[in-house]
Number of protein chains: 2
Amino acid sequence: MPDQLAKLYLENQLCFPLYAASRLTTKIYTPYLNELDITYPQYLVMMVLWQHPEQSVNDIGHKLLLESNTLTPLLKRLEQKKLIKRTRSHKDERSVLVSLTQEGLELREKAAVIPDQIMASFQDESISPEEGIAFRETLKKLMGILREKSQ
Amino acid sequence: MPDQLAKLYLENQLCFPLYAASRLTTKIYTPYLNELDITYPQYLVMMVLWQHPEQSVNDIGHKLLLESNTLTPLLKRLEQKKLIKRTRSHKDERSVLVSLTQEGLELREKAAVIPDQIMASFQDESISPEEGIAFRETLKKLMGILREKSQ
DNA sequence: TACATTTGTATCGTACACGATATAAACGCC
DNA sequence: GGCGTTTATATCGTGTACGATACAAATGTA
């Protein structure tokens, strides 16, 4: 079989492992997030807001690489759950400011245990700390490249 | 700020980079796949079928870590595009055999150039071949772990 | 051989992603 | 100050993902 076609195997590409690892990671988080009654993308938005409690849709989108067509409905669901508020900015009427409610702020304490629990479940695994660090470094570099390539 | 809460930052976790890298990778493929008139998940299914031209829905699902609730509609779309056929197995009437049509088989030649074109666009980048190989190794290991953890 | 259990697909409902498009506010420039 | 352009969201349509459930065929077992 020619080399050219061999490259079409799943194992020979990076795309599939990334896609699968991402989906599997979400699955790992799901039982913990069910406790908080939020989804994984909603959790990402909450993390961004816990860092800065008031941000525009645009700000959040830049951090998560998402646009309003994804964020607007997601934010409306978070608003329905009373975790955030959405208000038009007075300074710029085009902009929507997203801010944490008291309830949204309080959810942070409940969420704080999640990273540890996830990490703990990887403690006994075959990936050394050094390997993990190197992996994260490359992943970061890769993200930078991908981000440029996709404009 | 307590350590516990610092862990809730995007940068401190693996989950977000994986999620973002996966989505960005899909975006990189999109213009190439538009030429073939298929989506990225459809491309994955086609790759699996190019390797073995006849497989059950279950077989495909095991390779892509997807279940019938995702695959059935996706396969129906590929069938509408006349790239695959779906027939009930005679040996086991529960099973649906997915097979390539002539057109589906021929698409392979057109798709064969994609991996090279993607790779070429990364040629001049800051990730060395060794780093790339190490990354893929860890990603593979990670997938194994995640796969177990998520049952 | 009856019948409970398992297996392989399919269906349904919800929630992302994302390209394309719409719309109103803000900005730039003459 | 009028007006074309840019910017910030929102809406719409399509296509995944995936938990829950349905259902029929196959299997195991008393």
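Where a number appears in this text, it was derived from the coordinates with a stated rule and is not lab data. For clarity, every value in this text was computed on a predicted model and none was experimentally measured. Cβ placement follows ideal geometry from the backbone for every residue including glycine, while neighbour counts extend to all protein chains displayed.
Collect the residues in the stretch A:121-142 that are facing chain B (nearest Cβ under 7 Å), out of contact with any Pro (no Cβ under 6 Å at 6 or more places or on another chain) and either of a type outside the set (F, W, Y) or touching a residue at least 40 places away in the same chain (Cβ under 8 Å) (or both), keeping them in residue-number order.
Of everything in the stretch A:121-142, those that are facing chain B (nearest Cβ under 7 Å), out of contact with any Pro (no Cβ under 6 Å at 6 or more places or on another chain) and either of a type outside the set (F, W, Y) or touching a residue at least 40 places away in the same chain (Cβ under 8 Å) (or both) turn out to be A:S121, A:E125, A:S126, A:I127, A:E131, A:A134, A:R136, A:T138, A:K140, A:K141, A:L142.
Can you tell me which of (1) under 26 Å from A:P31 (Cβ atoms); (2) free of Cβ contacts under 8 Å to residues at least 60 places away in the same chain; (3) in contact with a Phe, Trp or Tyr (Cβ under 9 Å, 6 or more places away or on another chain); (4) assigned to a helix (DSSP H, G or I) is the one A:I118 doesn't meet?
Exception for A:I118: condition (2).
Quick check on the stretch A:22-37: of everything there that is in contact with a Lys or Arg (Cβ under 7 Å, 6 or more places away or on another chain) and touching a residue at least 60 places away in the same chain (Cβ under 8 Å), which residue is surrounded by the most Cβ atoms within 10 Å (Cβ to Cβ)?
Across the stretch A:22-37, the extreme among qualifying residues is A:I28.
Do we find a residue being closer than 30 Å to B:R147 by Cβ and within 10 Å of DNA strand D (Cβ to nearest atom) anywhere in the stretch A:67-86? Outline the logic, then answer.
As a first pass, look at the stretch A:67-86 and keep what is closer than 30 Å to B:R147 by Cβ: A:70, A:74, A:77.
Narrowing the set further to residues that are within 10 Å of DNA strand D (Cβ to nearest atom) leaves A:70, A:74.
The answer is yes, given that some residue of the stretch A:67-86 is closer than 30 Å to B:R147 by Cβ and within 10 Å of DNA strand D (Cβ to nearest atom).
Take A:A112 and decide whether it is among the aliphatic types (A, V, I, L, M), loosely packed, with under 12 Cβ neighbours inside 10 Å and within 12 Å of another protein chain (Cβ to nearest Cβ).
Values: among the aliphatic types (A, V, I, L, M): yes; loosely packed, with under 12 Cβ neighbours inside 10 Å: no; within 12 Å of another protein chain (Cβ to nearest Cβ): yes.
When the stated conditions are applied, A:A112 does not pass them.
Filter the stretch A:65-109 for residues that are within 14 Å of chain B (Cβ to nearest Cβ) and not in a helix (DSSP H, G or I); which is farthest from DNA strand C (Cβ to nearest atom)?
Selected residue: A:L100.
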